[in-house]
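Report on the structure given below.
The values are calculated or read from the model by the stated rules, or taken from the named source; none is laboratory data. Note that this is a predicted model, so its numbers are computed, not measured. Cβ atoms come from the backbone with ideal geometry, glycine included; neighbour counts cover every protein chain shown. Remember, those area values only see protein heavy atoms, side chains included, never the ligands or the DNA or RNA. Shrake-Rupley method; radii C 1.70, N 1.55, O 1.52, S 1.80 Å.
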Amino acid sequence: MSDATPQLLPTGQSRIEHMEMRGIVKRFPGVLACNSINFDVRAGEVHALLGENGAGKSTLMKILYGLYHANEGEVFLDGQRVSIHSPSDAIAHGIGMIHQHFMLVPSLTVAENVALGQRSAREPLLDLNAVSKRIRLLADTYGLRVDPSQPVWQLAVGERQRVEIVKALYRGAALLILDEPTAVLTPQEVNDLFKTFHQMVKDGHALIFISHKLHEVLAISDRITVLRDGCVVGSTPTREATKKSLAQMMVGREVILQYDQPPVDAGAVRLKVENLHAQSDRGTAALRGVNLELCAGEILGLAGVSGNGQRELSEVIFGLRPATQGKVELEGQPITGASPAHLNKLGLSYIPEERMVDGVIKDFTVAENLMLQDHARPPYAFNIFVNPRAVAHHCAELIRNFNIRTPNQETPLKSLSGGNIQKLILARELARTPRVLIAAQPTRGVDIGATEYIHQRLLEQRTKGTATLLISEDLDEILALADRIAVIYEGEIVGIVDRAAASIEELGLMMAGVRRESTAS
Amino acid sequence: MIEDLLTASVIASGIRLAMPYLYAAIGETFGQRSGVLNLGVEGVMLLGAYSSFWGVYQLTPDKATSFDPMALAAGVLVAVLVGLLMGLATAFINVTLQAEQGISGIGIYLFGLGMSTLLFQKNFSQVVTVKGFPKIHFPVLSDIPLIGEIFFRQNLLVYGAFALIPLAWFVLHKTTFGLRLRAVGQNPEAADSMGISVTRVRYMAVIIGGVLASVAGASMSIGHLNVFQQNLTDGRGFIAVALVYFGSWRPYGVMYGALLFSLVTALQIKAVTIGIGIPSELLSMTPYLLTIIALIFASRRIDQPAALTRPFERGE
């Protein structure tokens, strides 16, 4: 690397040998998101940035990409101080970013998405043929299969991810920021993606990999920096790190990564779903004949890549979406099409996937949110009047029992953290000791501490005999909690396996639609 | 009966009636494809109608027996300038100040209605006419039976309106500006992350919309009716907004909608004049009824701008 002439990447761009951020400070109203952070990355390495939600990882990277402006601190590229005020500055300096939420325009084709914001050779006219040609070239170099003429809305999530990478490479990115790129992929797709990353690193790209998944960070990176509460907690070469040591650095205390579970004592069938069909919001078939049985005292995990019918299934069961065919039974009683209020009374509880949209009213207070369902029932109501004393008493109990961190009951819900909002929903739903619990993505976007707590409560419910359907896109979560695992793909259950008999590889194949004979009893 | 109604002159007048809808709705299509809903089209049309009328009236030489090309060109130019200013104001309110677009549009409409009425009453004591754009006579073509009357005896602004359709399609789909515009209306965050200035693109789109709305007004006051009076446009700007939805945000879809609507209007006018035994009040409702029915069945296409009416702000 001591060549006098600058080395070029296969894309023809010059490399970024060393990027360094020094003393970065970023303040948001009331929060210090980055507290003088130092961070660097070199050509030919993957530097992982690890930390919980809200630790400052994304903020730091958005500063590097010009989306946020730092209050203090400097950025150096190959020893030169640079100022990055906008994404176009970052792109001009050879910095690319793959966002957690894809930055693609669904109605446009792959080529149009890539061409977006780029000067065309035939300005002011588009030259999509030239763009497509270069996309194919890049795709071949890095093993990224994409079809330039396809509209993005037709693409699967894994393909969209590849388009994002092609887009960054097309813009000449020498340094790539990858913000949780694996969040929505199957294990096999993650493997393919990692192969691409290895290739890029070998060619001399510099990669920053943001994640909170420990095993992925250990698998892909050369160095790891851990952030907590806006500060760098530590930086370590990957070969010297372990899952346990990293988790401890992230949370600041020891964490339980594996739970002890008493053997399952599955009882009678509580919830039965038979040949269930339903439509998605766009009117396409979302559920195509789902069959499931959920027994007392068990957790049935529903694994699958997002958008394969999980949301529709939970909504149909809870009466929020009509079934076009098939039926749902709760302890032998048909409940297809029953209203959520009625289902609540029958002992069905629901933790919705989009907690801020479907789970709470963010401008209401903590107490009001806790009483959303029961406010009109005695003892919380007397005729048409609310009984404030009973409500206050009940809420205080829930806040205490579920360890919800809130200044008081009258605090507006929106000022709580994600983890505490989820605990509030959990408290509300579990307070009724449900017969059946539908938990959709119960720990998504929740910090490790709260995740651990929520998991413990779910296991506690299991011991109490609640039948739980745990819908999660996080395989680790399902493997940690579920007794049986069902995999959903394009609105059908591809297979159901006992946890003891399940392997990640096999589940990954099923998540990609490979069918399998049921081995679960 | 049908023969009495569906004559060449009725179709020709339907095509003429489509003209203001085309200008206004294509302009609105640009705004909406960038994510900005401008309900104030009607008000800008009224200002354009008044200002171009005023320009032509002032500049046409006294006692002129026929039209004056310079005066007409100046009239259109005045409308373009007024549209530019109104577009700039609309963009400032909706993009920079991030106003609630449904409400700010009503404000712009009321401003246009009030201002054009005030200026008209102040500068003209009575309704007067001007010499507007004349029908063009093409040798041979204009004399073909039926076809000639329908297609080759229209004025320049009518041809301009129909030429605008392929032009708009071309700009939207074949230029880098069109790509930026569509991206900004569908996913402004993505466009921003690609280094595109969402604000600048939306300003451009809204200003184009303002200019075309103003020209739409001019096409009525100096290209068709050749008069100005209070509330001359009579709701056509709102119909134009509806036509954008009806046409699924596509120039050609907008054109089919405008033609359907204006042909039904022409038929209805004819039906009233020859008297077919239905009260004219009921007949004059048919085009609007048709719009409502068509809108109910119009499909939500993939081209519907996902970020319509949503202001953009970087999450900082």
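Quick check on A:R444: is it assigned by TED's automatic domain parsing to the domain that holds A:F318, at pLDDT 90 or above and open to solvent by 20 Å² or more (accessible area, probe 1.4 Å)?
The answer is no for A:R444.
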Next on the checklist: Quick test of your reading of the structure: A:N129 fulfils all but one of (1) under 21 Å from A:S58 (Cα atoms); (2) modelled with pLDDT of 90 or more. Name the failing condition by number.
Outcome noted: (1)
Checklist outcome for this item: Among the residues of the range A:97-111, the number that are closer than 21 Å to B:G185 by Cα, within 9 Å of another protein chain (Cβ to nearest Cβ) and either outside any loop (DSSP other than H, G, I, E, B) or of a type in the set (S, T, N, Q) (or both) is 1
Item to check | Residue check for A:V114: within 11 Å of chain B (Cβ to nearest Cβ) and in a helix (DSSP H, G or I) | outcome: yes
Item to check | Meets criteria (more than 16 Å from the chain's Cα centre (by Cα), at pLDDT 90 or above and closer than 21 Å to A:H47 by Cβ) for A:K167 | outcome: no
Checklist entry - Just one of the numbered conditions (1) more than 14 Å from chain B (Cβ to nearest Cβ); (2) farther than 26 Å from A:G66 by Cα; (3) open to solvent by 10 Å² or more (accessible area, probe 1.4 Å) is not true of A:L144; which one? => result (3)
Item to check | Candidates A:R321, A:R311, A:R282, filtered to the one that is of a type in the set (D, E, K, R), crowded, with 22+ Cβ neighbours inside 10 Å and modelled with pLDDT under 95 | outcome: A:R311
Checklist entry - Does any residue of the range A:45-57 turn out to be more than 11 Å from chain B (Cβ to nearest Cβ), open to solvent by 60 Å² or more (accessible area, probe 1.4 Å), of a type outside the set (D, E) and part of a loop (DSSP other than H, G, I, E, B)? => result yes
Checklist entry - Taking the range A:84-96 on its own, how many of its residues are more than 7 Å from every other protein chain (Cβ to nearest Cβ) and either in a strand (DSSP E or B) or surrounded by fewer than 19 Cβ atoms within 10 Å (Cβ to Cβ) (or both)? => result 5
Item to check | 1 or more residues within 14 Å of chain A (Cβ to nearest Cβ) and open to solvent by less than 30 Å² (accessible area, probe 1.4 Å): qualifying helices (runs of 4 or more DSSP H) within the range B:147-213 | outcome: B:156-174, B:176-186, B:188-193
Checklist outcome for this item: The residue that is nearest to the other protein chains (Cβ to nearest Cβ), considering only those in the range A:127-141 that are hydrophobic (A, V, I, L, M, F, W, C) and open to solvent by 20 Å² or more (accessible area, probe 1.4 Å), is A:L128
Item to check | Any chance A:S120 is at the interface with chain B (Cβ under 8 Å from one of its Cβ atoms), more than 30 Å from A:T443 (Cβ to Cβ), surrounded by 15 or more Cβ atoms within 10 Å (Cβ to Cβ) and in contact with an Asp or Glu (Cβ under 6 Å, 6 or more places away or on another chain) | outcome: yes
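Can you say whether A:I63 is more than 14 Å from chain B (Cβ to nearest Cβ) and open to solvent by less than 50 Å² (accessible area, probe 1.4 Å), as far as the supplied structure shows?
Numbers: more than 14 Å from chain B (Cβ to nearest Cβ): no; open to solvent by less than 50 Å² (accessible area, probe 1.4 Å): yes.
No, not satisfied.
Could you go through the range B:269-286 and let me know if any residue there is buried (at least 20 other Cβ atoms within 10 Å of the Cβ) and either more than 14 Å from chain A (Cβ to nearest Cβ) or closer than 30 Å to B:Q58 by Cα (or both). If you could, list the steps in order and put the result at the bottom.
Quick first cut of the range B:269-286, residues buried (at least 20 other Cβ atoms within 10 Å of the Cβ) only: B:271.
Checking which are either more than 14 Å from chain A (Cβ to nearest Cβ) or closer than 30 Å to B:Q58 by Cα (or both) leaves us with B:271.
Yes; the residues of the range B:269-286 include at least one that is buried (at least 20 other Cβ atoms within 10 Å of the Cβ) and either more than 14 Å from chain A (Cβ to nearest Cβ) or closer than 30 Å to B:Q58 by Cα (or both).
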